[in-house]
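Any read-out appearing in this document is the output of simple, stated calculations on the displayed coordinates, not a laboratory observation. Small disclaimer: the values here were computed from a predicted structure and weren't measured.
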Amino acid sequence: MLPSINRNILLPLLLGLSGSVIAQTPSTSVATDPVIDDALVAGGFLDAHPDLKFRQTGLQAYTDRAFGQAMAEFKRAAWYGDKPSQAVVAEMYWGGVGVPVDRVLGMVWMDLAAERGYRFFSQKRDYYWNQLDDQERKAAIRLARSVFADYGDDATMPRIAAVLRRERAKMTGSRVGSMSRAVQVFIPGHGNIDGTRFYDPQFWDPRQYRAWQDDYWQDLKPGTVTVGTPETLKQPEASPREPGKPGPSPSGAH
């Protein structure tokens, strides 16, 4: 049984692990989420996309009930600007999953997840804010700056852009954006796939990658799937700190 956490946030992320069908209906112009493409994953795609990679390891740890590890992995994904991971961190703090209940930290991390205006995360942020008392709101405002300094878009966008550019430079053949179907990528267990599938510029050009994320997550329409009955954690683990970084304090309340 998984502990209580908002399934509407967790379900779209669990899709990549379980293959469960949910009513997530991104725009028809949006490329399929690469984390559910077995060939791309087998070909090492996630190694060049640490935001997606650490989100997946966080989800695996979560489903394995290693909640302390899950929190640490989600924060590693958050370090590269992964908004869904930031939302799950918020939910874990708010609900006391693997950590003591901390509504202030939950509020700040959900505010962080809502930074780009994604509708569902913004609604959750507003809900959290309305649940806080005056002292909690003041604490969230005070703590906001330090969290956003490390995990806000101003800090994370250059980080993920640098990784994408570095990994793109390692690719063979033409530059991303001029890749033709004549370029084949061999992936053990999957054979040859066309280069446009692996090197789709939506996943390699920082500007297009951000646009893909915005299209994919802006109008999240989560459906329903059974992931276990809620239960209370009796002895939550201590909040882990991101490797090499101090544990972030929540920030950014509205």
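Observations, loosely collected:
- Derived from the Cα gyration tensor, the three semi-axes of the equivalent ellipsoid of region 111-162 are 23, 15, 5 Å, largest first.
- Added length on full extension, which subtracts the Cα-Cα distance from 0.36 nm per residue, R116 to R165: 15.4 nm
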